[in-house]
Amino acid sequence: MANESNPFQEIISHCKEYGYIFQSSELYDGLSAVYDYGQMGAQLKKNLRDEWWKSMTQLHDNIVGIDAAIFMHPTVWKASGHVDNFSDPMIDNKDSNKRYRVDHLIEAHADTLETSAAKELLSEMDRLLAADDLAGLKTLIENNKIKCAVSKTSNWTDVRQFNLMFSTQIGSVAEEADTIYLRPETAQGIFVNFLNVQKTGRMKIPFGIAQTGKAFRNEIVARQFIFRMREFEQMEMQFFVRPGTQMEWYNYWKETRKKWHESIGIPSEKLRYHDHIKLAHYADAALDIEFEFPFGWKELEGIHSRTDFDLSQHAKYSKKKIQYFDNELNAEGKPYGNYTPFVVETSVGLDRLFLTVISLAYQEEKWTKEDGTEDSRVVMKIPAKIAPIKLAILPLLKKDGLPELASHLMDECKQQFHCFYEEKDAIGKRYRRMDAIGTPFCVTIDHQTKEDNTVTIRYRDTMTQERIPMDQVQRVVATACK
RNA sequence: GCGGAAGUAGCUCAUUUGGUAGAGCGAUAGCCUUCCAAGCUAUAGGUGGCCGGUUCGAGCCCGGUCUUCCGCUCCA
């Protein structure tokens, strides 16, 4: 309701006002790019996570779920490439105060050179990057007289290393402590457990391992509310397939995941695919499922064909064999035999999905009443299936035995789904409050209820209401939430 | 991270040359009320983001800091 000029700001204000999202440590002025989920937000987030978990593990007999620890052996991040590739050498121009990634700066300069000179420059850069020679990189920039595009000067700071992984120590004695990282992605917890799960679960390829959990990235700039946070939650599934079949599965999951988003109420026209042109070191195909956020089309979920990169890397660093024996017969009538499975990954940001849902749900409505006056409401049209509170039970008056009847209904319904009971204030005001937090159904108990056991059920999205027998309330709400 | 702007009650805002903060909405309790933010009564809630400086005196002036917004940058 706050900022008329910026709809996204209104959503952020609304989230705070109604207990969906608070800034972390707000009491102490907040912590940048870290947020807490409030009483409503935590429930909505849990509902989204549960929907995803069910769609993966319960509805696919060949996908199982695990919950790996955030702390992992430091070598995991060597093997995954994060120690080397997740850190970027940066350099600042002192005159323009522009900051550049060193590789981007040099590559841009190479584009202006003739082919052989460019090749030489880039191979020298690669050598220095691989050797972590930061001083050498600066010398390379200076020798090539590379200039800042803004200030047109070569007045550079030293090259500095930025690592996007958070680190801490394990072991209480500082001198003996080992540095370990907070995981920057959840995927590695699945890869290092590949053999454990495959063997103990007697899994046959193709099969998947799903997991939800927190990951941490020390973003240089993190903004846009919960879109890019330093601590965030991923929901991802690694699907292990026979080498050569990865594109088939890549396309399968591309379709399947988009359909899932539509199944929780995201309109098809608000979703699109975005193919990656420049692929990461581990991928042979990659795309984003993008959603049209209030600030533009942005990644909601990534589908990556990761080849056998991760399992091979872990085999190499752990010196253990990570393979699968495939008994199925090939065209020649022989088993496919031993191989390192290929991986197709689906990875959604739970917080981004949350942001998607609330930015679609948030609506301000205005209309003219019968007496000619203007009326309005703010309503969160969250699909009933994922709404934090499904049903509000409201005695019309708090006397004449109505609260007793309502409490009785409350006791029955709360066994089945999340309910909210309220007897304070005029009925219209209570409806508005339920609209604001996105409760899809309200049931009102009045004097007629005492005579014929019927109640009024009021629908959030249409604001219409009808009378139904009290003993049908549970069924109506439960059906709508399926 | 750089540049610009902002920060007063839960929210939206007032306090017009510096003189120890107010309103509306909201909240809580009660009264009234038979279906979409009605009315009445009472109550709670702010060391003016934080730290320091100038001044007899700072919400207001100055410096620093934190947070947010906008632009740039960044986002394997």
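The values are calculated or read from the model by the stated rules, or taken from the named source; none is laboratory data. Since the model is a prediction, treat every value here as computed from it, not as a measurement. With ideal geometry, Cβ positions are generated from the backbone for all residues, glycine too; neighbour counts draw on all protein chains shown. SASA here: full protein model, heavy atoms, side chains in, ligands and nucleic acids out. Shrake-Rupley method; radii C 1.70, N 1.55, O 1.52, S 1.80 Å.
Of note:
- Within the stretch A:20-57, tally of residues that are within 12 Å of RNA strand B (Cβ to nearest atom), open to solvent by 40 Å² or more (accessible area, probe 1.4 Å) and among the hydrophobic types (A, V, I, L, M, F, W, C): 3
- Identity of the residue in the stretch A:359-383, open to solvent by less than 40 Å² (accessible area, probe 1.4 Å) and of a type in the set (A, V, I, L, M), that ends up nearest to RNA strand B (Cβ to nearest atom): A:VAL378
- Any pair with Cβ under 7 angstrom, 6 or more apart, that starts in the stretch A:147-168 at a residue that is modelled with pLDDT under 70 and ends at one that is among the β-branched types (Val, Ile, Thr): A:PHE162/A:ILE220
- Among residues of the stretch A:58-88 being surrounded by fewer than 17 Cβ atoms within 10 Å (Cβ to Cβ) and of a type in the set (Ser, Thr, Tyr), the one that is farthest from the chain's Cα centre (by Cα) is A:THR75.
- Subset tally (residues that are closer than 26 Å to A:ARG433 by Cβ, of a type in the set (A, V, I, L, M, F, W, C) and in a helix (DSSP H, G or I)) for the stretch A:14-54: 6
- Qualifying position, being of a type in the set (Asp, Glu) and within 37 Å of the chain's Cα centre (by Cα), among A:ASP471, A:ASP461: A:ASP461
- Residue within the stretch A:232-245 that is polar (S, T, N, Q) and outside any strand (DSSP E or B) present: yes
- Considering the stretch A:397-482, the qualifying helices (runs of 4 or more DSSP H), each wholly inside and each with 1 or more residues that are more than 13 Å from RNA strand B (Cβ to nearest atom) and surrounded by 19 or more Cβ atoms within 10 Å (Cβ to Cβ), run over A:402-413, A:473-480.
- Restricting the stretch A:266-311 to residues that are more than 19 Å from the chain's Cα centre (by Cα) and of a type in the set (A, V, I, L, M) leaves a set whose member that is nearest to RNA strand B (Cβ to nearest atom) is A:ALA280.
- Just one residue in the set A:LYS278, A:LYS316 is in a loop (DSSP other than H, G, I, E, B) and among the charged types (D, E, K, R); that residue is A:LYS278.
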